[in-house]
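The values are calculated or read from the model by the stated rules, or taken from the named source; none is laboratory data. The model shown is predicted, which means the values in this text are computed figures rather than measured ones. No Cβ is skipped: glycine too gets one built from the backbone with ideal geometry, and neighbour counts run over all protein chains shown.
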Amino acid sequence: MSIEKKVLITDKISDKTKKFSRQYITPEANVIFCDNAEDLKEHIASADVLITSTKGISKELIDKAGKCIYIQKYGVGVNNIAIPEATERGIPVGNVGGLNARSVAEYAVMMMLSVFKHITTAHNKLVNEGLWLKTVLRDDCYELSHKKVGLVGLGNIGREVVKLLKGFECEVVYYDIFRLSEQQEKELGVTYIELDDLIKEADVVTLHVPLTEETRYIINHERLKAMKSTAILINTSRGGLVDENALMSVLDSGHLLGAGIDVYESEPIDQNHPLTKVERVILSPHNGGGTNEAIEAVVREACVNINSMLLKGVIANEKNIVNLKNLKRIN
């Protein structure tokens, strides 16, 4: 008689994500959805596989997960997982890259349009206060077309943003620590530029890099002040890329047209956070990759390794293992 395998999804996820998890995780496993801290406390010690969407999997949590053989991120960024501790335990950590890139890219472009055209202000004033701001808002609205858009990071999501911007005939510049070849730049229609020059010249600065020690606060007070007064900042990547206190200070000074923010240093963002009081800032709840198409694709891809580890104890898709080199070094 085989021992039941247990998969623990450590944070609250959407109903669609639950549906796709049940659909693609092997039926031989018992899938537990932790909608609260008590669920997590009850099942952590007996879990074979841990899955996270946004909740952190800390060293303390890994220490409690004595049976764990695999950790999976539903998405790309693994900065919320204690990877050194997992590696020390010999636990592979997997992520899924690129499959929600179009969804996040669409969201970033939507944010650009919404900030330039003050969509939320127009909606809220009309619906909540009955104000018809037709002539008031027009003087402060702009087209995205023909603007210079600066991408900080040109990975899967950044490249999708470039494709979407072609219809707006934008001039697209980018900065990335891994510069493309001249041929690749020509094919994409982008121009490489150093980061501080991009900050100074772009009408839109949009962030598409992971959160690392090197990228934390890559957008600080100095760089925010260096942006054009009519420029906007878009962050659909990771909250720690932007110094939120510096952003508030610069916005309070009247500098910058506005910002579109989907991610925060601490999530969920507090209802009384100063950014929630600024009309020129559009906020959303870390939902850039949250479409039906992206959710299914991410879960389906993640389950390739989840099921292989549960049923065979081996990794089926090594390219999705973020600590593979260090695991091999240990072994």
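Structure values in brief
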quantity: Single residue of the range 69-105 satisfying the filter (assigned to a strand (DSSP E or B) and of a type outside the set (Phe, Trp, Tyr)) that is nearest to the chain's Cα centre (by Cα); calculated: Lys73
quantity: Meets criteria (of a type in the set (A, V, I, L, M, F, W, C) and assigned by TED's automatic domain parsing to the domain that holds Asp197) for Met309; calculated: no
quantity: Extreme residue, surrounded by the most Cβ atoms within 10 Å (Cβ to Cβ), among residues of the range 171-185 that are in contact with a Leu (Cβ under 7 Å, 6 or more places away or on another chain) and under 10 Å from Val149 (Cα atoms); calculated: Tyr174
quantity: So Leu144, is it part of a helix (DSSP H, G or I), on the phi < 0 side of the Ramachandran plot and aliphatic (A, V, I, L, M); calculated: no
quantity: Of all residues in the range 35-55 being small (Gly, Ala, Ser) and either surrounded by 15 or more Cβ atoms within 10 Å (Cβ to Cβ) or in contact with a helix residue (DSSP H, G or I) (Cβ under 8 Å, 6 or more places away or on another chain) (or both), the one that is modelled with the lowest pLDDT; calculated: Ser53
quantity: Residue match in the range 125-142 (condition: under 24 Å from the mean Cα position of the chain (by Cα) and either in the same structural domain as Leu198 (by TED's automatic domain parsing) or in contact (Cβ under 8 Å) with a residue 12 or more places away in the chain (or both)); calculated: no
quantity: Residue match in the range 21-34 (condition: modelled with pLDDT of 95 or more, among the small types (Gly, Ala, Ser) and more than 24 Å from Ser266 (Cα to Cα)); calculated: yes
quantity: Conditions (1) crowded, with 20+ Cβ neighbours inside 10 Å; (2) in a helix (DSSP H, G or I): number failed by Gly288; calculated: (2)
quantity: Subset of the range 151-174 (residues that are under 18 Å from the mean Cα position of the chain (by Cα) and assigned to a strand (DSSP E or B)); calculated: Leu151, Val152
quantity: So Ala316, is it assigned to a helix (DSSP H, G or I) and either on the phi < 0 side of the Ramachandran plot or among the polar types (S, T, N, Q) (or both); calculated: no
quantity: Checklist (1) part of a helix (DSSP H, G or I); (2) crowded, with 20+ Cβ neighbours inside 10 Å applied to Leu256, failing item; calculated: (1)
quantity: Any hit, the range 23-38, residues being touching a strand residue (DSSP E or B) at 6+ places or on another chain (Cβ under 8 Å), free of Cβ contacts under 8 Å to residues at least 24 places away in the same chain and assigned by TED's automatic domain parsing to the domain that holds Leu311; calculated: no
